Amino acid sequence: MNWKRMSDQAIVNEMGKRIKKRRLHKRYTQKELAENAGVNINTIQNLEYGRSVTLTILIQVLRALKSLDQLDAFLPEIEQSPLMVMEQEIQPMQRVKRSKKP
């Protein structure tokens, strides 16, 4: 899937479809998933039908689907080079400062 070419709404729709497929694969009803996630059934319906939900709700639903580990594939940690690690040990970065343009 080419995520870069999709609109934000198309991505939300696709995520909703995938969560619905995962729910069905695990043989949960919307009501069961809502109860396990600690959310209202309308929230599950909104998510599955491509309506926007909060990041916290998405995490709750992924946890209830036992799919929270998928976040590593979604947003992996940035690995640092040995040189960067050494530099940070000497002086940890506090903030990023940009030089002013003339």
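For the chain, a Gaussian network of Cα nodes joined below 10 Å ranks 30, 80, 45 by mean-square fluctuation, and the top entry is 80.
For n ≥ 4 DSSP H runs only, could you compute -39500 (n - 2.57) per run for the chain, divide by its residues and tell me the 222 nm figure to the nearest 500?
On the way: 6 runs with 57 residues, N = 102.
After summing the helix terms and dividing by the residues of the chain, the value is -16000 deg cm²/dmol.
Which of these values of Rg/Rh (Cα atoms, Kirkwood Rh) was calculated from the structure shown: (1) 1.37; (2) 0.95; (3) 1.18? Step by step, Rg/Rh (Cα atoms, Kirkwood Rh) for this structure corresponds to label (3). Label-to-label distance, residue 31 versus residue 95, with points set 7 angstrom from Cα along the beta-carbon direction: 5.3 nm.
Stretch residue 13-residue 69 to full length: gain in nm at 0.36 nm per residue minus the Cα-Cα span? Don't skip to the end; give the middle numbers.
On the way: separation 56, 0.36 × 56 = 20.16 nm, distance 2.13 nm.
My answer for the length gained is 18.0 nm.
Ignoring the sites themselves, the chain has its longest run without trypsin sites (Lys or Arg not before Pro) in a DSSP loop having at most 13 other Cβ atoms within 10 Å at 28-65.
Taken together, the values in this text are just the output of simple stated rules run on the coordinates, not laboratory data. Small disclaimer: the values here were computed from a predicted structure and weren't measured. Positions of Cβ are backbone-derived with ideal geometry, glycine not excepted, and every protein chain shown enters the neighbour counts.
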